[in-house]
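Shown next, in structure tokens, is the structure this report addresses.
The values are calculated or read from the model by the stated rules, or taken from the named source; none is laboratory data. What you are looking at is a predicted structure, and each value in this text was computed from that prediction instead of being measured. So basically every Cβ, Gly included, is an ideal-geometry build from the backbone, and we count neighbours across all protein chains shown. We work out accessible area using only protein heavy atoms, side chains counted, and drop any ligands, DNA or RNA first. Shrake-Rupley method; radii C 1.70, N 1.55, O 1.52, S 1.80 Å.
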Amino acid sequence: MSNASSLRIGLFGFGVVGQGLYDVLGRTPSLNTRIERICVRDRKKERSLPIELFTYDKEILLQDPNVDVVVELIDDAEAAFHIVRDALLAGKAVVSANKRMIASRLPELLELQRTTGRPFLYEAAVAGSIPILRNLEEYYDNDLLSSVQGIVNGTTNFMLTRIAEGNGDEKDVYGEALKLAQQKGFAESDPTMDVEGWDPAFKTVLLALHGFGVVLRPEQVVRKGISSIRRADARWAAERGATIKLIARVVVNKGRVSASVLPTVVPNTDHLAKVNNELNAVQLQAAFADSQLLVGKGAGGGPTASAVLSDLSALRYDYRYSYRKLAANTGLVVDTERIGTFYASGAAADVNAIPLVKLIAQGEAEGLRWVVGVSDARSPKMEEVFTKAGLFWAEVAPEVAIAGPAVQVALDEASV
Ligand SMILES: NC(=O)c1ccc[n+]([C@@H]2O[C@H](COP(=O)([O-])OP(=O)(O)OC[C@H]3O[C@@H](n4cnc5c(N)ncnc54)[C@H](OP(=O)(O)O)[C@@H]3O)[C@@H](O)[C@H]2O)c1
């Protein structure tokens, strides 16, 4: 596709991101794009554009020979997959922001790209405006990169910032943070995907694919959300010079790859501890470049549309993901073991039921029992305690675990 001819877009969805894209394209005439038609769902909704521009029939866009590119920006993962599949089969290039759909249907989408030969780009699906997928795909050589981690969910980062600040109702600091996130439009009315860590897990699947050439299912990402956090947990971290963040992580070590989304007690000296509110960040660890950090807006109409715009621009020079690392098939074994050194808090009976190979510290605070230790990943009880409602878990660096004022068991005598 050359710049001379207009890029003719069939747009699906006119919500936060769809409207953001419409505005961004209007302000980028140099890209020479034209939105042919917009497919939406609700016939009764008022639209800010002339009604002739809209359709409710997806086939009108999918079968339109004037449409070169389908941009899929809807909030229904199942319907989105059918749109993307049919568009690729109809010979169109496709751009999407739908992390849930892409991460859940990865093998089929890879096969569709192979059989149709059409490009499918989705930079906006991970960390909004932060350019990470094409970067991982093209810039970093596979064996130089050892980990990709970061804060890739703005809703939970906003909530954790608020909880750490300690403003508001002491008794329900989580509920209040959630309510504020909803009022500000960061959290949906059903926040499960964000607060239980599913949304960042979908993004982690895409980071693993483009960073390391590994196809994971979302269920293979070791996942724990933030819905059990209490003010006492944030205080525990603060007393040790640290902050709790929800960290998505893909690590490769000695032929094994592990992927996780876990609340993590991050020392305040770490850059990620300073990434607050709805901001996102991705940190890369490479052999020679050492540590690198990208910070930016992870959501919202304009920032997310900027990543869609970049994909549209890349289609101009016939860019497509090469999936070079996937093709190299390095034989990495997927590790789904639970966290190693951890902090947990909750009712005494629940905390005491955690199978340990090592106890590092323990105590009580604000009516809760807490423990720091190394969990026994192979214990049959692990699944039950790890998923137990009301039991808060966080990965914790050993230097944080032993730094606090309430350490009651010395490290060298802690093995149980
Ligand atoms: N919001 C963000 O900051 C953000 C950031 C990164 C990625 N994303 C992803 O971007 C996508 C869109 O998110 P959003 O926040 O823009 O959603 P949204 O504001 O809820 O808008 C969803 C749009 O999709 C339309 N839609 C739903 N089902 C449809 C169907 N079957 N056929 C045609 N149109 C349909 C809706 O139509 P009606 O207008 O008729 O209701 C609406 O226009 C999602 O995959 C989301 O995960 C969002």
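With within 16 Å of the ligand (Cβ to nearest atom) and over 15 Å from residue 392 (Cβ atoms) as the only criterion, which of 260, 189 stands out?
Numbers: 260 fails: within 16 Å of the ligand (Cβ to nearest atom).
Just one listed residue meets the conditions, 189.
Do we have any residue at all in region 182-191 that's open to solvent by 10 Å² or more (accessible area, probe 1.4 Å), at pLDDT below 90 and closer than 25 Å to residue 254 by Cα? Within region 182-191, not a single residue is open to solvent by 10 Å² or more (accessible area, probe 1.4 Å), at pLDDT below 90 and closer than 25 Å to residue 254 by Cα.
Of all residues in region 179-235, those being under 24 Å from residue 390 (Cβ atoms), touching a Leu at 6+ places or on another chain (Cβ under 6 Å) and assigned to a helix (DSSP H, G or I) number 1. Within region 77-106, the set of residues being under 24 Å from residue 316 (Cβ atoms), open to solvent by less than 10 Å² (accessible area, probe 1.4 Å) and out of contact with any Asp or Glu (no Cβ under 6 Å at 6 or more places or on another chain) comprises 87, 88, 93, 94, 102.
The helices (runs of 4 or more DSSP H) found entirely in region 282-396 that carry 1 or more residues being within 26 Å of residue 130 (Cα to Cα) are 301-316, 324-328.
Do we have any residue at all in region 152-174 that's open to solvent by less than 30 Å² (accessible area, probe 1.4 Å), in contact with a helix residue (DSSP H, G or I) (Cβ under 7 Å, 6 or more places away or on another chain), in contact (Cβ under 8 Å) with a residue 12 or more places away in the chain and farther than 27 Å from residue 393 by Cβ? Walk me through how you get there before you give the answer.
Within region 152-174, the first condition is being open to solvent by less than 30 Å² (accessible area, probe 1.4 Å), and the residues that meet it are 152-161, 163, 166, 173.
Subset that is in contact with a helix residue (DSSP H, G or I) (Cβ under 7 Å, 6 or more places away or on another chain): 152-153, 155-156, 158-159, 163, 166, 173.
Within this subset, residues satisfying the condition of being in contact (Cβ under 8 Å) with a residue 12 or more places away in the chain are 152-153, 155-156, 158-159, 163, 166, 173.
Checking the rest, the ones that are also farther than 27 Å from residue 393 by Cβ come to none.
Within region 152-174, not a single residue is open to solvent by less than 30 Å² (accessible area, probe 1.4 Å), in contact with a helix residue (DSSP H, G or I) (Cβ under 7 Å, 6 or more places away or on another chain), in contact (Cβ under 8 Å) with a residue 12 or more places away in the chain and farther than 27 Å from residue 393 by Cβ.
Filtering 312, 284 for residues that are away from the ligand (no atom under 16 Å from the Cβ) and modelled with pLDDT of 95 or more leaves a single hit, 284. When each of 49, 121, 89 is tested for being of a type outside the set (Lys, Arg) and in contact with a strand residue (DSSP E or B) (Cβ under 7 Å, 6 or more places away or on another chain), the lone residue that passes is 121. Of all residues in region 59-76, those that are of a type outside the set (Asp, Glu) and open to solvent by 60 Å² or more (accessible area, probe 1.4 Å) total 4.
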